[in-house]
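The values are calculated or read from the model by the stated rules, or taken from the named source; none is laboratory data. Just so it is clear, the model here is predicted, and its values are computed rather than measured. Methodologically, a virtual Cβ is constructed for each residue, glycine included, from the backbone with ideal geometry; neighbour enumeration extends over all protein chains shown.
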């Protein structure tokens, strides 16, 4: 029989306000096995923990029940206390009488009654607890960063800086991501390329970093410290190790009419291309959908002009298998499609563009060499209308928009409006807004400067419709403050499109068993206290894959994710979770049900020799759990038809004892 | 300021619209083709009903100027459906006046090749209890 101590926490007035803690500790005194019961203001405080340690010594306790907050909060704290007092940490049970009791009840009587029942259940369970010892697993001292935008770049640089090898997997032919496409960055207006490209070069030159560009992750197996990852290196038909990036092939390529994705289709590139001048790696890539040689074998010009002999039309997709200790997701974002917003005439007029297209139009390396022109006729626009919240905060249009605020649009629209007025003082610039949200450092000052110094006309109200008429865009909008409808003949309209997570994020989350919210943003382990960790151990989050973010925020999160990875890789061994499944071989009938439901691939089958009662031996197929891979989810224990699977620390017998205690 | 909670609740019940969802972006009024004809505009209908200021709406010709084209419903990013609010206010006004302004029997006389059917349907729902 266990000698159980019960410790009821007041949590200040959080619990004691709705639960009579004295009554709870009194009532639990009479439960089987309980030899000591008390209550205290803050059990998690040093004094509270000392109280537990002293009671263990004084009453020779073998089990501890703490009636307090959720085990997610302080189970680890009390397990450490138990270990310090010389008891196995898994002999501690938490009865959650805060989140599941005092916070949800208003009435003291009901609250107290329920707290007593929850306490009884915990006592019933701890009576059946057995000491558990976690296993150890080694840590592969290499990190994988998925995505090579500013988030991935910063994370990789910081990890590499600490001396650990890092691989970046980027699906585009170059790293750089969205930031490489931007013109200037708010609120200081430094040029994006000027601050990004040195970092890209640092990545390329860093001995600890390998770049897998034009590559994708196709399979992830394993667990924290020991991930086995398969990376598909797509055939670029150019030998990366030999190509010097001279660009001779690009000049000679006769296929010149391929829409240039880097400039969002506003100009053309060749079938063989280098995305932009500062690309890293600076290596050409052949687009197999456009190249004549690859499509029908007629051409081969690029191979003839390549002095290095780097062109290889026979190159195949390559699969690389590598082991990693930690994985950082930095898959980033994309603007949503504007096709379905008919009212803004995006599909009807070339002069209705998105903000990212505006970035390319004003970028010196863009399709118009930085000259702001109308895409339709190349003329200088005089009246420009910016529309904010296009598809953001759009609750009723789930099929085209997003419910959330995209966060970055207020600032980049202010930037666009300001830069336009600065460079072209003859333009009239309107910004239609619902709210202007500028809570960052020096952000509101920036927006006010656009209004006060640059004379941008901010109008509270939305644009209702845009109709192309002649070479003008008829903009009909409301000015809510003046309470009138505005009609503006605009030359150019810029839509601040909502942003969404990259489409590759969802299948990646499935591979990583990392959770996502309904908008496909990765979920963090705790929204405030663990913002860069995924709930899946060993998977970390960096940048806009976790939620809309601007560059300063992305860089700080990238650094934070790197710090967490470094903390993990610095360990030689990881303590596992001892609460894993185990199979009773004598009861297992080898049906494979458990292996089919296991989301982690932790269960395998082996043929084992058993001695039968009649002294013969028999070979039977039975399940075996790999404790290092098992995450203790319990799916197998409920699936097993013969009751052979059990979860250590949450055995069927323990759970039934809890149910019995509650129903008594 | 007047605050007619009874009528507010009545309009919310009749229209099925929750005016508190409105985030005051003005897209409804930005898209409204009858804007210039109206004394009170779609976004004002929503906020005035929410504030219980319903008498001025009942006494304004704006309730008959709404074309029931439902552009505001289509474009509203929050699914507030301002045209339904206008319609509910209009129905209250018509019910107070005690009679239908148009009956089904009046319709055959109005049918001709140039009049779109939608117009008749809109007129019927506008002038009938």
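Which condition number in (1) within 14 Å of another protein chain (Cβ to nearest Cβ); (2) over 12 Å from the mean Cα position of the chain (by Cα); (3) in a helix (DSSP H, G or I) is the one that residue B:77 fails?
Single failed check for residue B:77: (3).
Answer yes if at least one residue in segment A:370-391 is facing chain B (nearest Cβ under 9 Å) and either within 38 Å of the chain's Cα centre (by Cα) or closer than 22 Å to residue A:338 by Cα (or both), and no otherwise.
Taking every residue of segment A:370-391 in turn, at least one turns out to be facing chain B (nearest Cβ under 9 Å) and either within 38 Å of the chain's Cα centre (by Cα) or closer than 22 Å to residue A:338 by Cα (or both).
This table checks each residue for (1) exposed (fewer than 14 other Cβ atoms within 10 Å of the Cβ); (2) in the same structural domain as residue A:293 (by TED's automatic domain parsing); (3) not in a loop (DSSP other than H, G, I, E, B).
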site	(1), (2), (3)
A:328	no, no, yes
A:347	yes, no, no
A:358	no, no, yes
A:365	no, no, no
A:368	no, no, no
A:373	no, no, no
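Which numbered condition trips up residue A:395, out of (1) within 12 Å of another protein chain (Cβ to nearest Cβ); (2) over 13 Å from residue A:450 (Cβ atoms); (3) at pLDDT 95 or above?
Result: residue A:395 passes all but (3).
Of all residues in segment A:244-254 being closer than 30 Å to residue A:353 by Cβ and in contact with a strand residue (DSSP E or B) (Cβ under 8 Å, 6 or more places away or on another chain), which is surrounded by the fewest Cβ atoms within 10 Å (Cβ to Cβ)?
The residue in question is A:250.
Can you tell me which residues in segment A:467-497 are within 14 Å of another protein chain (Cβ to nearest Cβ), surrounded by fewer than 18 Cβ atoms within 10 Å (Cβ to Cβ) and in a loop (DSSP other than H, G, I, E, B)?
A:481, A:482, A:483
Identify, by number, the condition in (1) closer than 26 Å to residue A:664 by Cβ; (2) surrounded by fewer than 17 Cβ atoms within 10 Å (Cβ to Cβ); (3) modelled with pLDDT of 95 or more; (4) in contact with a strand residue (DSSP E or B) (Cβ under 9 Å, 6 or more places away or on another chain) that residue A:110 doesn't meet.
Residue A:110 satisfies every listed condition except (4).
Only one of (1) within 14 Å of chain A (Cβ to nearest Cβ); (2) part of a loop (DSSP other than H, G, I, E, B); (3) out of contact with any strand residue (DSSP E or B) (no Cβ under 9 Å at 6 or more places or on another chain) fails for residue B:3. Which number is that?
(1)
Give the number of residues within segment B:21-45 that are touching a helix residue (DSSP H, G or I) at 6+ places or on another chain (Cβ under 6 Å), more than 8 Å from chain A (Cβ to nearest Cβ) and in a loop (DSSP other than H, G, I, E, B).
5
Please verify whether residue A:502 is away from every other protein chain (no Cβ under 14 Å) and either on the phi > 0 side of the Ramachandran plot or surrounded by 14 or more Cβ atoms within 10 Å (Cβ to Cβ) (or both), treating the condition exactly as stated.
Working: away from every other protein chain (no Cβ under 14 Å): yes; either on the phi > 0 side of the Ramachandran plot or surrounded by 14 or more Cβ atoms within 10 Å (Cβ to Cβ) (or both): yes.
When the stated conditions are applied, residue A:502 passes them.
Of all residues in segment B:6-43, how many are out of contact with any strand residue (DSSP E or B) (no Cβ under 6 Å at 6 or more places or on another chain) and without any contact (Cβ under 8 Å) to a residue 12 or more places away in the chain? Break it down into steps so the answer makes sense when it comes.
Residues of segment B:6-43 out of contact with any strand residue (DSSP E or B) (no Cβ under 6 Å at 6 or more places or on another chain): B:6-25, B:28, B:32-34, B:36-43.
Going one step further and asking which of them are without any contact (Cβ under 8 Å) to a residue 12 or more places away in the chain, we end up with B:6, B:9, B:13, B:36.
Result for segment B:6-43: 4.
Can you find a residue that is closer than 27 Å to residue A:389 by Cβ, within 14 Å of chain A (Cβ to nearest Cβ) and assigned to a helix (DSSP H, G or I) anywhere in segment B:86-100?
No, every residue in segment B:86-100 fails to be closer than 27 Å to residue A:389 by Cβ, within 14 Å of chain A (Cβ to nearest Cβ) and assigned to a helix (DSSP H, G or I).
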